[in-house]
Amino acid sequence: MPNSLPEVTAHRMDELVTALGEVGEQPGGGLIRFMYDDAWRTAGELVARWMGEAGLQVRTDAAGNVFGRLPGSESQSTVLTGSHIDTVRLGGRYDGALGILTGLAAIEALIRTCGRPRKSLELVALCEEESSRFAANFFGSRAMLGMISADEPESLRDADGVTLASAMTRVGLDPTTIGSARRNDVEAFVELHIEQGRVLQDEGSQIGIVSAITGLRWFDVAVSGRADHAGATPMNLRRDAMQGAAEMTQAVTTLVEAEGWPAVVTCGAWQVLPGGVNIVPERVTFSIDLRHPQESTLERLAGLIRRECVWIATRRALAVGINDTKCVPPAPMDESMQKLVKQAAEEHGVSARPIPSGAGHDSQMWAPHVPTAMIFVPSVDGRSHCPEEYTSAEECAMGASVLASTLRKLAY
Ligand SMILES: [Zn+2]
């Protein structure tokens with residue numbers, strides 16, 4: 001292995017982030033690049049052009065994932081890096097895009113310093129991660145992993161009623177060939193992403209090595225009491241569903257606050273019936289979104305939450321029903337891959353700390369199948385999914401250099 005370190009410059013990162021950041025930019029600020037729309041297509045073409053200029057073999061698969069491949073000299077197995085090219089509505093320039101751009105700059109640096117790899121090295125711009133247009137979460141990664149059911153392209157529709165299949169056809173993709181996107185040659189996946197929180201910034205760490213991607217549990221809680229006159233019913237005779245639900249959300253919040261970070265809970269969707277100013281609420285439903293990167297903790301907190309809600313309902317003579325609506329297990333990242341990233345950071349003199357990811361990422365799809373690592377770079381003030389998303393070009397370059405050295409350890 002050659003001794004010179006692959007280094008990415010801040011200038012190169014600035015150039016790439018600025019150019020891709022203009023694709024899909026809205027007049028009032030913020031990006032919109034939804035899967036298979038015009039900006040999405042333009043962004044893919046731009047990345048494909050850069051891949052070609054870097055000397056990579058460029059290809060688009062049946063799902064619309066764009067690849068740049070640097071063939072290995074010995075083995076047919078592939079070390080894959082990249083992230084998603086789609087954005088949320090009025091998102092920023094970094095979420096997803098930075099994993100593609102740092103991957104490109106890292107491979108450029110590797111070609112300069114180390115030449116041809118032993119294993120094939122491939123960069124991917126994944127077509128979809130955010131579910132912004134279709135409820136097709138992780139569509140790009142799922143296509144590559146053979147996890148798209150045959151009827152999915154025909155059954156999913158966007159807000160205008162357009163099926164995923166016809167959106168694919170419009171950009172020249174054939175939905176019936178989606179199965180051909182499956183890959184069996186990937187032996188490692190590395191994704192760089194912005195942190196989307198402020199742990200790295202607050203602790204002055206230059207990169208985060210993701211230990212696990214959080215798991216989540218969603219519940220719908222339905223609290224039932226009795227509608228009564230707001231003036232004539234004394235407080236002690238009420239069965240007020242809202243008072244019960246309010247006490248429940250407070251208890252749940254206190255419990256998770258006591259557990260401490262990275263446990264988080266959100267009660268974000270509420271419905272109060274009958275919803276009159278002068279009527280004691282009869283029925284309240286609210287959502288609970290509970291997250292933690294360890295299954296055992298998630299399980300324990302979920303049990304405590306159920307117990308609190310039932311206890312509060314009983315004390316207030318209310319009925320409560322708690323339904324599980326979604327369950328995503330935590331995705332631990334590969335330990336030996338985490339060590340490689342740590343060594344790569346040390347080689348570059350970049351400070352690193354382990355960190356759980358509170359947000360979902362493509363890596364959680366890959367982790368159960370191939371050794372997977374995630375590198376986080378700091379997000380200024382922890383902002384993301386908004387136009388204010390920002391990571392300095394210097395920090396992007398540091399992340400890209402660590403990514404390059406990690407890929408060198410895997411592919412050379
Ligand atoms: Zn993302």
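The values are calculated or read from the model by the stated rules, or taken from the named source; none is laboratory data. These numbers were taken from a predicted model, which means no experiment stands behind them. For neighbour counting, all protein chains shown are included, and Cβ atoms are generated from backbone atoms with ideal geometry for every residue, glycine included.
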Item to check | Qualifying positions in the stretch 174-198 - out of contact with any Ser or Thr (no Cβ under 8 Å at 6 or more places or on another chain) and aliphatic (A, V, I, L, M) | outcome: Ile178, Ala181
Next on the checklist: Regarding the stretch 185-192, can at least one residue be identified that is among the aromatic types (Phe, Trp, Tyr), in contact with a strand residue (DSSP E or B) (Cβ under 7 Å, 6 or more places away or on another chain) and at pLDDT 95 or above?
Outcome noted: yes
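Determine whether Ile207 is among the β-branched types (Val, Ile, Thr), in contact (Cβ under 8 Å) with a residue 60 or more places away in the chain and touching a strand residue (DSSP E or B) at 6+ places or on another chain (Cβ under 7 Å).
On the way: among the β-branched types (Val, Ile, Thr): yes; in contact (Cβ under 8 Å) with a residue 60 or more places away in the chain: yes; touching a strand residue (DSSP E or B) at 6+ places or on another chain (Cβ under 7 Å): yes.
Yes.
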Checklist outcome for this item: A careful count of residues in the stretch 251-300 that are of a type outside the set (Gly, Ala, Ser) and more than 23 Å from the chain's Cα centre (by Cα) gives 22
Item to check | All positions within the stretch 138-158 that are in contact (Cβ under 8 Å) with a residue 12 or more places away in the chain, surrounded by fewer than 16 Cβ atoms within 10 Å (Cβ to Cβ) and either aromatic (Phe, Trp, Tyr) or assigned to a loop (DSSP other than H, G, I, E, B) (or both) | outcome: Gly146, Met147, Ala150
Next on the checklist: Against the condition under 26 Å from the mean Cα position of the chain (by Cα), away from the ligand (no atom under 14 Å from the Cβ) and assigned to a loop (DSSP other than H, G, I, E, B), how does Gly44 come out, does it pass?
Outcome noted: no
Checklist entry - When you look at Ser363, is it assigned by TED's automatic domain parsing to the domain that holds Gly146 and more than 16 Å from the ligand (Cβ to nearest atom), yes or no? => result no
Item to check | Search result, residues across the stretch 368-409 that are surrounded by fewer than 23 Cβ atoms within 10 Å (Cβ to Cβ) and closer than 22 Å to Asp334 by Cβ | outcome: Pro368, His369, Val370, Pro371, Lys409
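How many residues are touching a residue at least 24 places away in the same chain (Cβ under 8 Å) and surrounded by fewer than 18 Cβ atoms within 10 Å (Cβ to Cβ) when one looks only at the stretch 29-40? Step through it out loud before you land on a result.
Kept after step one, since they are touching a residue at least 24 places away in the same chain (Cβ under 8 Å), are these residues of the stretch 29-40: 29-37, 40.
Applying the additional criterion that residues be surrounded by fewer than 18 Cβ atoms within 10 Å (Cβ to Cβ) yields 29.
Number satisfying all stated conditions: 1.
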Checklist entry - For Ser379, all conditions in the list (1) over 30 Å from Ser77 (Cα atoms); (2) more than 13 Å from the ligand (Cβ to nearest atom); (3) polar (S, T, N, Q) hold save one; what is the number of the exception? => result (2)
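Okay, residues lined up against (1) over 39 Å from the mean Cα position of the chain (by Cα); (2) assigned by TED's automatic domain parsing to the domain that holds Pro387; (3) within 16 Å of the ligand (Cβ to nearest atom):
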residue: Gln196; (1), (2), (3): no, yes, yes
residue: Glu203; (1), (2), (3): no, yes, no
residue: Ile207; (1), (2), (3): no, yes, no
residue: Val221; (1), (2), (3): no, no, no
residue: Met235; (1), (2), (3): yes, no, no
Checklist entry - Can we say Arg112 is within 27 Å of Met168 (Cβ to Cβ), of a type outside the set (S, T, N, Q) and either within 21 Å of the chain's Cα centre (by Cα) or surrounded by fewer than 23 Cβ atoms within 10 Å (Cβ to Cβ) (or both)? => result no
Next on the checklist: Is it the case, given these coordinates, that Arg283 is of a type outside the set (S, T, N, Q) and surrounded by 16 or more Cβ atoms within 10 Å (Cβ to Cβ)?
Outcome noted: yes
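On the given criteria, is Leu126 of a type in the set (A, V, I, L, M, F, W, C), touching a His at 6+ places or on another chain (Cβ under 7 Å) and at negative phi? Reasoning before the result, please.
Numbers: of a type in the set (A, V, I, L, M, F, W, C): yes; touching a His at 6+ places or on another chain (Cβ under 7 Å): yes; at negative phi: yes.
In short, yes.
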Next on the checklist: With the structure loaded, tell me whether Glu15 is assigned to a loop (DSSP other than H, G, I, E, B) and closer than 13 Å to Ala105 by Cβ or whether it fails that test.
Outcome noted: no
Checklist entry - What number of residues in the stretch 73-114 are among the small types (Gly, Ala, Ser), part of a helix (DSSP H, G or I) and within 14 Å of the ligand (Cβ to nearest atom)? => result 3
Checklist entry - Residue check, Phe67 against (1) part of a strand (DSSP E or B); (2) farther than 24 Å from Arg170 by Cα, all met but one. Which one? => result (2)
Checklist entry - List the pairs whose first member sits in the stretch 85-111 and is in the same structural domain as Ala135 (by TED's automatic domain parsing), whose second member is in a helix (DSSP H, G or I) and within 12 Å of the ligand (Cβ to nearest atom), and whose Cβ atoms are under 8 Å apart, counting only residues at least 6 apart or on separate chains? => result Ile85/Ala97; Ile85/Ile100; Thr87/Ala97
